Amino acid sequence: MPHERVIAHLENLYSRSDDPWQHRTSAYEAAKYAATLDEIGPGPFASAIEIGCGNGTLASLLRHRCQHLTLVECIPAALRLARQSLADARNVTFIGGTAPHDLPSARFDLVLLSEVLYFLTVQEISELAEWLGKHATGSVVAVNWTGPTDEELDGTQAVEALAASLGASTSRSHQGFRIDVFMRPG
């Protein structure tokens, strides 16, 4: 579970804005989402999960590629926004909770970790990798900011911690972010 100060910081951001990182309007975010969807591919995915869905902007784009999409978010205000954004989606389930502790026991052929790994500790990433070993049956896609963070880990260190457990990934660098794809045996 992210540190209490991280949770408090994120709650504060969402108390002041329904889009604290301009997910809906930023050219950077649009480019990141396009690159992420390119890496993910067209699907269809039988069962996908986005861990740390924020206000649901990326999930709104992803849901059409999924027969079923599960969204997990630890910030209640962000989860409410995601529910509002996807109110008409019949193929989406919402879970309020943290990774890896509150993740469901289902199996997923796509796991999306967009801008969440560096909010976790190395131990939590290890626990998440253990969960992925049991529940991921296809692609695990990790998108990470490559600039500095105010967290224990930066994006590169966080994805390297995940790779220490999951093995090699295909990695692509972009302006300000990287996308790593880990293939899990089905």
Could you go through segment 134-143 and let me know if any residue there is of a type outside the set (F, W, Y) and under 18 Å from G97 (Cα atoms). yes
Kindly indicate whether V141 is of a type in the set (A, V, I, L, M), crowded, with 19+ Cβ neighbours inside 10 Å, in contact (Cβ under 8 Å) with a residue 60 or more places away in the chain and farther than 21 Å from S26 by Cα. yes
Hits in segment 103-115 - residues which are assigned to a loop (DSSP other than H, G, I, E, B), in contact with a Ser or Thr (Cβ under 7 Å, 6 or more places away or on another chain) and aliphatic (A, V, I, L, M): A106
Quick check, is T146 touching a Gly at 6+ places or on another chain (Cβ under 8 Å) and surrounded by fewer than 17 Cβ atoms within 10 Å (Cβ to Cβ)? yes
D109 passes all but one of (1) closer than 25 Å to P42 by Cβ; (2) loosely packed, with under 15 Cβ neighbours inside 10 Å; (3) out of contact with any helix residue (DSSP H, G or I) (no Cβ under 9 Å at 6 or more places or on another chain); which number fails? (2)
Quick one: would you say A161 is more than 15 Å from the chain's Cα centre (by Cα), at pLDDT 95 or above and more than 18 Å from T36 (Cβ to Cβ)? yes
In the set L71, L37, the lone residue that is modelled with pLDDT of 95 or more, in contact with a Cys (Cβ under 9 Å, 6 or more places away or on another chain) and surrounded by 14 or more Cβ atoms within 10 Å (Cβ to Cβ) is L71
Given the residues A48, A78, which is the only one that is in contact with a Leu (Cβ under 6 Å, 6 or more places away or on another chain), small (G, A, S) and touching a residue at least 60 places away in the same chain (Cβ under 8 Å)? A48
Residue ranges of helices (runs of 4 or more DSSP H) in segment 1-75 with at least 1 members of a type in the set (K, R): 4-16, 27-40
Could you say whether any residue in segment 80-95 is assigned to a strand (DSSP E or B), buried (at least 21 other Cβ atoms within 10 Å of the Cβ) and of a type outside the set (F, W, Y)? yes
If you scan segment 116-152, which residues turn out to be within 15 Å of the chain's Cα centre (by Cα) and either of a type in the set (S, T, Y) or assigned to a loop (DSSP other than H, G, I, E, B) (or both)? V116, Y118, L120, S139
In segment 72-87, anything in contact with a Ser or Thr (Cβ under 7 Å, 6 or more places away or on another chain) and either of a type outside the set (A, V, I, L, M, F, W, C) or within 23 Å of L120 (Cα to Cα) (or both) is listed as C74, A77, S85
With the requirement that a residue be among the β-branched types (V, I, T) and free of Cβ contacts under 8 Å to residues at least 40 places away in the same chain, what does segment 51-75 give you? T57, T70, V72
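The values are calculated or read from the model by the stated rules, or taken from the named source; none is laboratory data. Quantities reported herein were computed from a predicted structural model and do not represent experimental measurements. No Cβ is skipped: glycine too gets one built from the backbone with ideal geometry, and neighbour counts run over all protein chains shown.
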